[in-house]
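Read through the structure below, which is laid out as structure tokens, and then see the notes.
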There are 2 protein chains.
Amino acid sequence: MSIASSRSGDLLRLSTLFVRTLREDPAEAEVASHKLLVRAGYIRRAAPGVYTWLPLGLRVLAKVEAVVREEMAAIGAQEVHFPALLPREPYEATGRWTEYGPNLFRLKDRKDADYLLAPTHEEMFTLLVKDLYSSYKDLPLTLFQIQTKYRDEARPRAGLIRGREFIMKDAYSFDVTDEGLAASYEKQRGAYQRIFDRLGLDYVIVSATSGAMGGSRSEEFLSPSPIGEDTFVRSPGGYAANVEAVVTPVPDPVPYDDAPAAHVEDTPDTPTIDTLVACANERFPRPDRAWTAADTLKNVVLAVTHPDGRREVLVVGVPGDRDVDVKRLEAALAPAEAEPATEADFAAHPELVKGYIGPAVLGPQGEQVETPEGDKVSRIRYLLDPRVVPGTRWITGANEPGKHVFDLVAGRDFTADGTIEAAEVRAGDPAPDGSGPLELARGIEIGHIFQLGRKYADALGLTVLDENGKQAVVTMGSYGIGVTRIVAALAEANHDDKGLAWPAHVAPAHVHVVATGKGTDVFDAAERLSSRLVAEGVEVVYDDRPKVSPGVKFADAELLGAPLLVVVGRGLADGVVEVRPRAGESRQVPVDEAVAAVVADVEALLGA
Amino acid sequence: MSIASSRSGDLLRLSTLFVRTLREDPAEAEVASHKLLVRAGYIRRAAPGVYTWLPLGLRVLAKVEAVVREEMAAIGAQEVHFPALLPREPYEATGRWTEYGPNLFRLKDRKDADYLLAPTHEEMFTLLVKDLYSSYKDLPLTLFQIQTKYRDEARPRAGLIRGREFIMKDAYSFDVTDEGLAASYEKQRGAYQRIFDRLGLDYVIVSATSGAMGGSRSEEFLSPSPIGEDTFVRSPGGYAANVEAVVTPVPDPVPYDDAPAAHVEDTPDTPTIDTLVACANERFPRPDRAWTAADTLKNVVLAVTHPDGRREVLVVGVPGDRDVDVKRLEAALAPAEAEPATEADFAAHPELVKGYIGPAVLGPQGEQVETPEGDKVSRIRYLLDPRVVPGTRWITGANEPGKHVFDLVAGRDFTADGTIEAAEVRAGDPAPDGSGPLELARGIEIGHIFQLGRKYADALGLTVLDENGKQAVVTMGSYGIGVTRIVAALAEANHDDKGLAWPAHVAPAHVHVVATGKGTDVFDAAERLSSRLVAEGVEVVYDDRPKVSPGVKFADAELLGAPLLVVVGRGLADGVVEVRPRAGESRQVPVDEAVAAVVADVEALLGA
């Protein structure tokens, strides 16, 4: 038969298999995959964001790896393997030693030399190709590895979804021309589609930002899931993007020749948008319609930490009906990190009057402004939502407690240091390409592909002789798959309240055989059936535990999640065993037809 | 056919394979395996003791791993996978956080918590079994992993032989009884023999010391090689031990009733053993025979660094005809490290008169002695070679420049703090078990198995309920194979001055096909032959480079080291190709019989 067996000896007896199931969820687990993978004995936590793989988990992981490896080989990518422990110098050359900030695990060796645990390997691949290759004739080239990576996440969470030690497939392409890079990128993109299709993992491909990687085009593969950390948008017309990559359609400028002059009004006790709008409607009603939050300009004070440790207070102005989305903000500010300003930040800027902050004391940087105490200070950097185009009129803070300014016109009454994509994206917002209103969903990032361009080759001097005998800088792509994270994404997508429910291709075993009853005939028959299935290439978990109740055995089978359950028990007296898909109807099968029936079921599940 | 193929798609075209051969040895390489693995494009150095695996090297590594994995599975060991990044606490509990000293890579995470890169995983396995198991019925159990390990070696050397990041298979057994441990140990020992036999790697099994691992019985698997770091001894009667584990046979005490009293003599300008012996023979001749170096007691001053950083000056007394072997000394002092005393050490101990040091100012510790200046100081710890038994008579230093003491009798005139196995072992020394004179040889440590006993289970509280319902401390074994080091050991054992010469089971490919000539007919025939071989399951490197000379192609084939070379070239006009084993006679084979002939040759090489 044609069942692909990842390794020989696939009869896993529960009497000796190194596994213990738990009835209770682990205290620290928040998401189903984490809870179930721990409860079913697939993984165990060794430290925050650092996991140990037990035998069943390792079998799933090995199957995922095998699919990734095969599809990489199929597009001609060649496998190599880099160290995780690397010297500082290459990362210094590209600036990432600093840019990664606290996300990088750094250490010193006994000679006090600086090392890091690599979060990703662009530098090393670039240097290796530089070491070996020198001519355009050597290219195109795509290399990959399946290797352990490290990131000192601020908030490791959700088990394998966001860990600090994890396995990635990372591939890198090397081309002379932009067209070559586009072709290498498309090949990886196709391989990713085949990988996730084979793994039975639903996914969407969305436009993405490049973050600390640099480069131009980039797309993410997201597995839709309510527990995903990534929010993405889709339009009826086919636009799809990570919410961090959504570009706000910029309205046309508004003529403001007729606009009245800005005027400051008393708005006592209006430190929030809601209180401000209520006050405005009560005391300064518009004739045509009521004021709404969208008429106000909210100035949000943030503290930005740059990779070099420098802390900057920054103000972002957004329409009052939208919040600042910190992930969009950080994507826009990368590699810097941002957080709400603290009391200390406010104390350092007496010109900022909480709840009443307005453009009059903000940007552009370099110019000065007077504090309430009469001191001259530099203006804080001020960035605006792209919707605040010239001519738009706003109610906003007047920089005095209980006062706001009305009819403040962008471009006439205030300017800023630029725009920023920091406002939240909402369902119903228009797609940037005009393809209709956006809907929002969440997903787990399982793959990310980048057209890096020449950033790394430039920084590290990777050139080849081109057709004309001139040195040409190589252009690169970078392609990552979170191999350990895929195991979690598979578990998220394939479970119910009783436990895991693996697709057959990645299940630790195809069949779970349960012997129920006390007679040796039952165990003999189950043993014989299991052995014969294994001889046919089927991977079997056999619950041969003699003194465990049927109820516990069934609960364990459902928790472990093999796609097919075979029960050898009471029916044996009538010459039948029960065959029960993990999610489906059970049926009685005569004992002497059981092997053939189960093999046929497994082949059907595998699509063989 | 039955050739086991590690992966599909095994046609490696040299026109696109990511490899570049070098004609020159890399500057830093000292040993053949390092030189050749770099020159043949199998590995590249990323940092001292840290290597990148290129496609050909990775194929060899994968084959070695597969053999190790299969033999572990065959004895029922279950595979798991631990992180490399681990928290300090478990290693603190066993004392190894400190004991490993500077050999441990330590780091802090962003919350300032202490982590390490694991050099070995006894602690984690112990805790995992404690987490899952609780009854003697769960045992015996053997777990293993194939995983990346880290040691911050003082002197990384010889390429893959002693690295700082390397891959090990480490296995751990868990038993309730000592007999159980012995049985688990024997199973691993047998598996190791089968692994090295299958890999075609010659080895000897020698008794060993346990070093920082703790435990009782321990044996090493050494691959004999002149470049090996381990020296081992063998006797005609079958005794075999690592030189560090050799126990000196202790002579019987000597009666000394008739011995004359010790007497100090002027021995001007005799700071060395040679000058002392010459002076003694000239000025104080023995009637019966000449004095020899063996009549003198040499007191060697050493500085010992303890894991907690404390530096201790120690004196070791050995017969003057033997040197102190620093590796034996360190094995005896483990986990402390030792080096020759520095000028600063001597300056701190004015009672030590260089070249004339004698027992009168040395140990036992705790007692006091007067310096030349009349100060009272504590005696330095003093350890003696086991041959210095009570009653033996010595010429040794009198602690004054130009003076030695004669007829100084051990046990009568001086005592020490104990004995130490620090003197060099020499060819011809008697085996400790009386099985004859020892011969010495060198080897590469490729495996090490330990009966750890209850050290780790005690420290970490791993107990199970025994048959009587009482808590019993589990006894453990620890079993390591240096997977990456094996690749180097294989290269050391299988090369000539032209390059590598792999055994068929671990070669990156079975056959190297070379197309020589310019006609498309040659390339067409070579391509056809290569494809048909691959279809038969043969792994092929095909040198399809169009503009490379036959000489370069042959040199590359010999450097890369596939066991079988097939040349498609001039003979094609006569309907033949050449089949040439890497080490053997070439023969002409008709083109239409070539596939069958090569397949038969490969099967023979694989013993299929």
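Out of B:434, B:443, B:447, one residue alone is out of contact with any Cys (no Cβ under 7 Å at 6 or more places or on another chain), at positive phi and small (Gly, Ala, Ser). It is B:434. Each residue in the stretch A:582-607 was checked for being touching a helix residue (DSSP H, G or I) at 6+ places or on another chain (Cβ under 8 Å) and either exposed (fewer than 15 other Cβ atoms within 10 Å of the Cβ) or of a type in the set (Lys, Arg) (or both), and 2 of them qualify. Among the conditions (1) under 24 Å from the mean Cα position of the chain (by Cα); (2) surrounded by fewer than 18 Cβ atoms within 10 Å (Cβ to Cβ); (3) facing chain B (nearest Cβ under 8 Å); (4) assigned to a helix (DSSP H, G or I), residue A:58 misses just one, which is (2). Filtering the stretch B:287-324 to residues that are out of contact with any strand residue (DSSP E or B) (no Cβ under 6 Å at 6 or more places or on another chain) and closer than 25 Å to residue B:98 by Cα leaves B:306, B:307, B:308, B:309, B:310. Of the residues that sit in the stretch B:30-55 and are charged (D, E, K, R) and assigned to a helix (DSSP H, G or I), which one is farthest from residue B:510 (Cα to Cα)? Checking each candidate, the answer is B:35.
It is to be established whether one or more residues within the stretch B:145-155 are in contact with a strand residue (DSSP E or B) (Cβ under 7 Å, 6 or more places away or on another chain), of a type in the set (Asp, Glu), outside any strand (DSSP E or B) and within 14 Å of another protein chain (Cβ to nearest Cβ). Yes: one or more hits. Contact map, the stretch B:102-129: first residue more than 25 Å from residue B:476 (Cβ to Cβ) and assigned by TED's automatic domain parsing to the domain that holds residue B:149, second residue among the acidic types (Asp, Glu) and surrounded by 21 or more Cβ atoms within 10 Å (Cβ to Cβ), Cβ cut-off under 7 Å, separation 6 or more or different chains; pairs are B:102/B:152; B:109/A:152; B:110/A:152. Remark: residue A:178 falls outside the filter, which requires a residue to be over 23 Å from the mean Cα position of the chain (by Cα), at the interface with chain B (Cβ under 10 Å from one of its Cβ atoms), of a type in the set (D, E, K, R) and more than 30 Å from residue A:34 (Cβ to Cβ).
One line per residue, one yes/no per condition, for (1) basic (Lys, Arg); (2) surrounded by fewer than 22 Cβ atoms within 10 Å (Cβ to Cβ); (3) in contact with a Phe, Trp or Tyr (Cβ under 8 Å, 6 or more places away or on another chain):
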{"site": "A:391", "(1), (2), (3)": "no, yes, yes"}
{"site": "A:411", "(1), (2), (3)": "no, yes, yes"}
{"site": "A:415", "(1), (2), (3)": "no, yes, no"}
{"site": "A:418", "(1), (2), (3)": "no, yes, no"}
{"site": "A:424", "(1), (2), (3)": "no, yes, no"}
{"site": "A:438", "(1), (2), (3)": "no, no, yes"}
{"site": "A:441", "(1), (2), (3)": "no, yes, yes"}
{"site": "A:463", "(1), (2), (3)": "no, yes, no"}
{"site": "A:468", "(1), (2), (3)": "no, yes, no"}
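The numbered conditions (1) hydrophobic (A, V, I, L, M, F, W, C); (2) assigned to a helix (DSSP H, G or I); (3) under 30 Å from residue A:230 (Cβ atoms); (4) over 26 Å from the mean Cα position of the chain (by Cα) are all true for residue A:313 except (2). All of A:261, A:278 fail the test of being surrounded by fewer than 13 Cβ atoms within 10 Å (Cβ to Cβ), out of contact with any Lys or Arg (no Cβ under 9 Å at 6 or more places or on another chain) and either not in a loop (DSSP other than H, G, I, E, B) or not hydroxyl-bearing (Ser, Thr, Tyr) (or both), apart from A:261. Among the residues examined, residue B:159 does not qualify as within 27 Å of the chain's Cα centre (by Cα), in a helix (DSSP H, G or I) and more than 13 Å from every other protein chain (Cβ to nearest Cβ). Does residue A:513 count as of a type outside the set (D, E, K, R), touching a helix residue (DSSP H, G or I) at 6+ places or on another chain (Cβ under 7 Å), part of a strand (DSSP E or B) and not assigned by TED's automatic domain parsing to the domain that holds residue A:581? The answer is no for residue A:513. Is there a residue in the stretch B:324-342 that is of a type in the set (Val, Ile, Thr) and closer than 21 Å to residue B:248 by Cβ? Yes: one or more hits. The one condition from (1) over 13 Å from residue A:525 (Cα atoms); (2) modelled with pLDDT of 95 or more that residue A:576 does not meet is (1).
All of (1) in the same structural domain as residue B:458 (by TED's automatic domain parsing); (2) closer than 27 Å to residue B:435 by Cα; (3) not in a strand (DSSP E or B) hold for residue B:253 with one exception: (1).
Condition (residue is modelled with pLDDT of 95 or more, assigned to a strand (DSSP E or B) and closer than 16 Å to residue B:501 by Cβ) applied to the stretch B:546-564: is it met by at least one residue? Checking the stretch B:546-564: at least one residue is modelled with pLDDT of 95 or more, assigned to a strand (DSSP E or B) and closer than 16 Å to residue B:501 by Cβ. Scanning the stretch A:13-55 for residues that are facing chain B (nearest Cβ under 9 Å) and hydrophobic (A, V, I, L, M, F, W, C) gives A:17, A:18, A:19, A:46, A:47, A:50, A:53, A:54.
Within the stretch B:118-144, the set of residues being out of contact with any Gly (no Cβ under 8 Å at 6 or more places or on another chain), buried (at least 18 other Cβ atoms within 10 Å of the Cβ), more than 7 Å from chain A (Cβ to nearest Cβ) and not in a loop (DSSP other than H, G, I, E, B) comprises B:122, B:123, B:125, B:126, B:127, B:129, B:136, B:138, B:144. Test residue B:115 against the stated conditions and say whether it is touching a helix residue (DSSP H, G or I) at 6+ places or on another chain (Cβ under 7 Å) and within 13 Å of residue A:50 (Cβ to Cβ). It is true that residue B:115 is touching a helix residue (DSSP H, G or I) at 6+ places or on another chain (Cβ under 7 Å) and within 13 Å of residue A:50 (Cβ to Cβ).
Scanning the stretch B:70-88 finds one or more residues that are touching a Phe, Trp or Tyr at 6+ places or on another chain (Cβ under 9 Å), within 11 Å of chain A (Cβ to nearest Cβ), part of a helix (DSSP H, G or I) and buried (at least 18 other Cβ atoms within 10 Å of the Cβ).
In this structure, residue B:300 does satisfy being part of a strand (DSSP E or B), within 30 Å of residue B:441 (Cβ to Cβ) and not charged (D, E, K, R).
Here A:295, A:230, A:269 are screened, and the one residue that is at positive phi and in contact with a Gly (Cβ under 9 Å, 6 or more places away or on another chain) is A:269. Residue count for the stretch A:446-484, restricted to those that are farther than 28 Å from residue A:230 by Cα and either in contact with a helix residue (DSSP H, G or I) (Cβ under 7 Å, 6 or more places away or on another chain) or not in a helix (DSSP H, G or I) (or both): 18.
Scanning the stretch B:281-297 for residues that are part of a helix (DSSP H, G or I) and surrounded by 20 or more Cβ atoms within 10 Å (Cβ to Cβ) gives a single hit, B:295.
Looking at the stretch B:430-479, which of its residues are under 19 Å from the mean Cα position of the chain (by Cα), among the aliphatic types (A, V, I, L, M) and under 26 Å from residue B:183 (Cα atoms)? The answer is B:446, B:449, B:452.
The values are calculated or read from the model by the stated rules, or taken from the named source; none is laboratory data. Just so it is clear, the model here is predicted, and its values are computed rather than measured. Don't worry about glycine lacking a Cβ; one is built from the backbone with ideal geometry, like all the others, and counts go over all protein chains shown.
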